[in-house]
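Structure record follows, encoded as structure tokens.
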Amino acid sequence: MRYITAAIGNFDGIHMGHDQIIRKCIHIGNQSEQDKKIVTFEYEFDKFTNIAKKYKKIYGKHGKISTFKNYDIDDIIFYALDSQTAIMSPESFISEILIDKLCIKNIVVGFNFRFGHKAKGDIQLLQDLSNKYNYSVEVISAVKQDGKVISSSMIRELIAAGCIVEANKLLTEDYRIDFRDHHYEVISNKELLIFDTDFIYPLEGSYLVIENQNKLKIKLENENGILRLKSNDSLTPDIIQFIKKI
């Protein structure tokens, strides 16, 4: 059995706090000569929608992978949370998933990490059970900017308000829409529609963006949950990186 060092978390909109967790994982993994992996989660929406849809996502799977690839990580594990894992006790989550299935020896998490049924498991319990299940825990403290804790919730609020410059200062890479994670329709070479309702999107208005290494202006319109993107320049359903609202 080969044990691993793992950074564990939801990692939605990989921000400066997440960056510290991942870098600590890499450091510990290198020191212990273990594989360094990121463990994040996928929600099976049709099985327990109330939990899965509590928050709108910043990024989907492809968006996360694109950022994770910037790190010296050996693997990325997307663990599916379904109706069975949703009712697991915190201790069962540790013993059956983190230890037995994923073979984690060194765990790196953020200060607010929660797990198990109804998120009853916390950092204290994770530390208390470390001797019983023979693993170590490294907890990364909150990262702050201007006295405020950087969080995915804060970034969601900034994006929804159209405050792209402010959001980008907290993210490790500029906010973007990766069309591989979205249901969309090409109306023309200058107009696209996105139909997903489980993602957070910028406020309606005009934005300076980068697409295919070209800067251009786009206009966003939200029509009953359908996001319409228009431009005077050619648009392709690839990756659109947002610079600022104009």
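The values are calculated or read from the model by the stated rules, or taken from the named source; none is laboratory data. Not measured: the values here are computed from a predicted model. Methodologically, a virtual Cβ is constructed for each residue, glycine included, from the backbone with ideal geometry; neighbour enumeration extends over all protein chains shown.
For the range 192-208, the candidate set comprises residues that are surrounded by 16 or more Cβ atoms within 10 Å (Cβ to Cβ) and among the hydroxyl-bearing types (Ser, Thr, Tyr); within that set, the residue that is farthest from Tyr55 (Cα to Cα) is Tyr207. Yes or no: the range 209-231 includes at least one residue that is of a type outside the set (A, V, I, L, M), surrounded by 14 or more Cβ atoms within 10 Å (Cβ to Cβ) and closer than 15 Å to His183 by Cβ. Within the range 209-231, one or more residues are of a type outside the set (A, V, I, L, M), surrounded by 14 or more Cβ atoms within 10 Å (Cβ to Cβ) and closer than 15 Å to His183 by Cβ. Look at the range 131-158: where a residue is of a type in the set (S, T, N, Q) and a partner is assigned to a strand (DSSP E or B) and surrounded by 14 or more Cβ atoms within 10 Å (Cβ to Cβ), sitting 6+ places away or on another chain with Cβ atoms under 6 Å, you get Ser136/Asn106. Within the set Asn168, Asn232, the sole residue that is outside the structural domain of Phe11 (by TED's automatic domain parsing) and either touching a residue at least 60 places away in the same chain (Cβ under 8 Å) or on the phi > 0 side of the Ramachandran plot (or both) turns out to be Asn168.
Checked against the criterion of being over 30 Å from Glu166 (Cβ atoms), assigned to a helix (DSSP H, G or I) and of a type in the set (Val, Ile, Thr), the candidates Ile107, Ile97 yield just one match: Ile97. Considering the range 110-128, and only residues there that are outside any helix (DSSP H, G or I) and either of a type in the set (Gly, Ala, Ser) or out of contact with any strand residue (DSSP E or B) (no Cβ under 9 Å at 6 or more places or on another chain) (or both), the residue that is nearest to Glu33 (Cα to Cα) turns out to be Gly110. Quick check on my filter: what residues within the range 190-241 are part of a strand (DSSP E or B), touching a helix residue (DSSP H, G or I) at 6+ places or on another chain (Cβ under 9 Å) and at pLDDT below 95? If the condition is that a residue be part of a strand (DSSP E or B), touching a helix residue (DSSP H, G or I) at 6+ places or on another chain (Cβ under 9 Å) and at pLDDT below 95, then Phe199 is the only one that fits.
Applying a threshold of 6 Å to beta carbon distances and a minimum spacing of six or more residues, or different chains, the list of pairs starting in the range 103-130 at a residue that is under 20 Å from Ser141 (Cβ atoms) and ending at one that is exposed (fewer than 14 other Cβ atoms within 10 Å of the Cβ) reads Phe111/Ser141; Phe111/Ala142.
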